1. Mind checking the angle between helix 169-185 and the chain's longest principal axis? C-alpha axes, 0 to 90 degrees, to the nearest 10.
2. What is the packing order of peptides 6-19, 44-57, taking the mean over residues of other C-beta atoms within 10 Å and listing the highest first?
3. Taking just the alpha carbons, could you work out the radius of gyration and Dmax for the chain, both in angstroms?
4. Evaluate E = 1/(1 + (r/R0)^6) for residue 30 and residue 88, where r is the Cβ-Cβ distance and R0 equals 25 Å; express this FRET efficiency to the nearest 0.05.
5. Given contacts defined as C-alpha pairs under 8 Å and at least six residues apart, what's the relative contact order of the chain, whole-number percent?
6. Taking R0 as 35 Å, what FRET efficiency do you get between residue 95 and residue 67 from their Cβ-Cβ distance, rounded to the nearest 0.05?
7. Nearest 5 is fine: what % of DSSP beta bridges in the chain come out antiparallel, could you say?
8. Once the Cα atoms of helix 220-233 and of the chain are each reduced to a long axis, what angle between those two axes, in degrees from 0 to 90 to the nearest 10, is obtained?
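Derivation of every value follows stated rules applied to the coordinates shown; laboratory data play no part. On a predicted model such as this, the values are computed, not experimentally measured, just so you know. Note: ideal-geometry Cβ built from the backbone for every residue, glycine included; neighbour counts use all protein chains shown.
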């Protein structure tokens with residue numbers, strides 16, 4: 001179980017401090033599929049980075065499975081079973097996909113297991129096992145490989161930050177298929193930062209973040225219908241989160 005208690009994140013600006021995340025408290029139970037959504041610049045991705053330890057809260061606490069992880073590093077949180085997929089996954093020249101999967105798993109993976117993880121994200125495994133994780137891969141391929149690496153880990157909480165960003169429609173369709181499989185077969189909590197309707201439809205729970213605060217929270221059935229027109233009206237809205245290169 002993940003618990004955020006009065007978490008805030010502020011940045012200094014010439015005119016004073018800017019609240020990116022403003023006194024957020026929430027609990028996410030184990031084995032839940034949660035989508036965090038809301039207007040651009042509302043604080044969604046910053047909240048995800050606070051959970052993973054990429055940023056540290058200005059105030060408040062973060063508790064994971066009963067342990068206070070507020071001051072823990074990314075590495076320490078990873079050892080507890082937290083994993084994070086970036087909006088723009090890093091590339092590693094000289095590192096093969098098979099080696100990356102083994103590193104994520106923590107030990108050498110047999111070829112058939114590597115193939116299974118790649119197949120689960122819609123990639124033809126034989127074509128990718130020995131490819132380098134470099135600029136020869138498209139954005140969609142890289143995203144799916146990163147999802148496969150999170151699947152290869154024994155995670156308690158997987159966080160995906162806008163997995164649909166910058167990929168083509170075909171790759172997005174494959175990503176949705178991957179998340180459907182995760183939703184059906186999960187044995188862990190999943191948090192996805194997303195604006196996409198097809199991803200929101202998979203959620204057990206939807207949390208709407210706006211102006212650094214939780215503006216709505218509930219089951220998919222409670223929240224999703226009211227978002228359809230609202231997000232159309234606010235399309236392209238930008239805000240505070242852009243101030244920290246969101």
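1. The two axes meet at around 90 degrees.
2. 44-57, 6-19
3. Answer for the chain, Rg first and Dmax second: 17.9, 57 Å.
4. My answer for the efficiency is 0.30.
5. 29 percent.
6. Once the sixth-power term is evaluated, E becomes 0.65.
7. Among the beta bridges of the chain, antiparallel pairing accounts for roughly 60 percent.
8. 80 degrees
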